[in-house]
Structures are given as C-alpha cells and as structure tokens.
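K.L.:
The structure under discussion is supplied below as structure tokens; questions concerning it will follow.
A short reminder: the numbers here are calculations on the coordinates, not readings from a lab. The model shown is predicted, which means the values in this text are computed figures rather than measured ones. With ideal geometry, Cβ positions are generated from the backbone for all residues, glycine too; neighbour counts draw on all protein chains shown.
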Amino acid sequence: MSNQIFLYGGGGEFLSRNNLIHFNNQSNKEWLEIPLVNKPPKENLVYDLYLDLNTKLFLLFTFSNKKNLTIYSAPVEETLEKTWTLVNEFNLNKGEVRGISQQNSFSNKNYIHPKLNILGNYFYDIKTGELTKWIVENDIVGVYKAFKKDSLIVVDTQIKKSDQSNFNPHTFKLSIQHIDNFFNSESFETIPSIRQQRTQFGLLFFAFLLLCLAGILIYRKRLSNTSSAYYSESIFTVKPSDNHILVSLNNKDYYFYEEMEIKIFKVLHEIIDQGLDSIDLETFDEKVFNGLGHKTHITTKRNEIIDRINNKLGFDFITKEKSQEDKRRKFIKISF
C-alpha cells in the first residue's frame, strides 16, 4: 500500500471528476478507478488527499461553494462496498486562506505527526480532528517534513495577501525549523467545526431558556411572597362581644353594633374559615335574615347594610356578582 500512487479528482476546462484512482504499476501500468459510493460533489475543490496507514483510511479535504472545508473518509482495504463518509465540516472564509495552490502535497510530505498541513496555513490534527489556523501575514505554499524527523520546512511566498503581484517561485523562502519550536512559538487559532458551532448554539439557547425559566420562577416567587405578605396583613378577624362585633382588617379595627351587621360578618367569617371568598346569594340571605321578610324588603335591607359596611371600611369589601355559567344565579363576594 505504501508504494502505490493514488489520485482524486481531475478534469479539464469543461469537465471535472470525483473519482479516486490509483496507478497500477504491477501489470498494465494504467490508472484504474477505485469504485466508491456517496462521492463528494464534483464542484467541490479538492485540496488534499491523505492516506493514513495507521487507520487504513483515505482522508479527502475539499472546499465547497458554501465556504465549507469538508472532510471525507473512505476505507483503504477491500470491502464489499467502499463509501465516502462525511467526517467533519468547518466554515472558512475562502478569502482568508493563505495557501496559493491546491493539492500541494505528494506522498503525505505535508504530514507532521500528528498534524496535516492543508490550505497553506491550516493544520488538521489526524487524531483529534481539530483544525487550527496559523496566524501569518504572508501567503504560504505549505509546511512539509524535513530530512530530520524533528524538523519541518516552511515554504513562504514572502508576499502578503494584499499584494496583487504574480507569484514567483524563485522568490519563495524555505526555512527549516524544529517542530516543537514552530508549534510553540507561532500563533494559532482553533477553528470550531460546524457541528461544534451547532452544539455551542444549542447549549447557549438551552442556557438562555434556563435563565428565562429561572427568571419566571423568581418573579412568581416574589409575586407569591408579595401576595402572601399582603394577605398576611389583610387577615380578617371577627371578635364578637355582648353588644357589638370587632372586625380587624388591614391592621385596623372597626366596630359594628347593629344586629344585622353582626350577622353578616359572622357569615362572612364562616366562609373565610372554609377557604372561600364567595357564597350563594340565596344561602347568604337565608343565613342572615332567616327567611323573615319579603324578598324585596330583604334585598333592599341587604343592599343598605352592605353599602354602609363598605363605606365604613373605605372600599368595596362586599360585592354582588352574577355567575359566569348561569346569569340568573348571584353570589356575595368579599375582597381583601
């Protein structure tokens, strides 16, 4: 496998291919296609084809019209069906890619363990799948292995991106550097994959929802505390005496001496003890007036007493309301 030649793509002015081929140096000395399914789009620019002898995988680096660096893999070994599998995608601004050529590698010479140099100033970690960008001003042809195992060669055009001059290979600068010194002294930026960006967005969105939920819960708790505090200050108590009744409401005491007023407050106190805030009008009249008197007289008398109580308390403590289900039914409602 290590002494074979592989090539991906190819084409001309009006034709592009997305085939993986290898040179048959054993028999007919011809290029033969390796059958694969799920081929990358033909319009994708091919930047590199890497053969990983450890994992027995081809890694294909392409650049799509969507500004995505897309990485595919395919098995080297003979299988029933070879297929290209999407490995990862990175969103790159093509204008910031500092490499000047595509397919600028041969025989994995741009592999500096465990990183593969692609697009001039980008490095893809074969083990972790991490993509890093080398922050450099000049356009870079590539970074390659040197003769010494601990060194690498940087091929620099010495031309900045803003310079529109033609590239001249005779002016390229080749510099040999120690691998550790290069990666430790130069500035690199980690490029998140599209999958990571979506995950980060999902996490941020989830955190935002949690914050909103927490805010709602805190608001409701404060509202509940406020209501509880208000209600605790609005305790309605009735203290009967021989000739009057003492009503305590909102930390204020009110005295009522008339018999019918005393009866009304006792009925209201009963429904409050039951956790209610209303009582059927007919039931109320029965408890207060004991069925004595004509209905019209009872209605007039009741309304007069309720108005007098509300005026004394300073707000509509007792009101008469109609039922939502049956407009003929009426209720006596109290409000703190």
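K.L.:
For R329 and T85, what does the FRET efficiency come to when R0 = 56 Å and r is the distance between their Cβ atoms, rounded to the nearest 0.05?
P.N.:
My answer for the efficiency is 0.20.
K.L.:
Let me ask another. If you take the beta carbon distance between Q158 and E30 as r and set R0 to 25 Å, what does 1/(1 + (r/R0)^6) give as a FRET efficiency, to the nearest 0.05?
P.N.:
After rounding to 0.05, the efficiency reads 0.05.
K.L.:
How far, in nm, would the chain grow between L15 and K263 when pulled straight, counting 0.36 nm per residue and subtracting the alpha carbon separation?
P.N.:
79.2 nm
K.L.:
Oh, and also: Sorted from fewest to most neighbouring beta carbons within 10 Å, what does the list E286, E189 look like?
P.N.:
E189, E286
K.L.:
Turning to a different aspect of this structure: Which whole-number percent gives the relative contact order of segment 1-91, counting Cα pairs below 8 Å spaced six or more residues apart?
P.N.:
After rounding, I find 19 percent.
K.L.:
Could you calculate the contour length gain from I194 to E137, that is, 0.36 nm times the residue separation minus the distance between their Cα atoms, to one decimal place in nm?
P.N.:
Difference between extended and current length: 18.0 nm.
K.L.:
Same structure, new question: So what's the back-of-envelope 222 nm ellipticity for the chain, counting only DSSP H runs of four-plus at -39500 (n - 2.57) apiece and dividing by all residues, rounded to 500?
P.N.:
Calculated mean residue ellipticity at 222 nm is -9000 deg cm²/dmol.
K.L.:
If I take R0 = 56 Å and measure r between the Cβ atoms of T299 and L209 in this structure, what FRET efficiency does the formula 1/(1 + (r/R0)^6) give, to the nearest 0.05?
P.N.:
Calculated transfer efficiency: 0.55.
K.L.:
Sort E33, E270, E130 by Cβ crowding within 10 Å, fewest neighbours at the top.
P.N.:
The most exposed by this proxy come first: E33, E270, E130.
K.L.:
Follow-up. Compute the length gained on full extension between N184 and T237: take 0.36 nm times their separation in residues and subtract their Cα-Cα distance, giving the result in nm to one decimal.
P.N.:
11.2 nm
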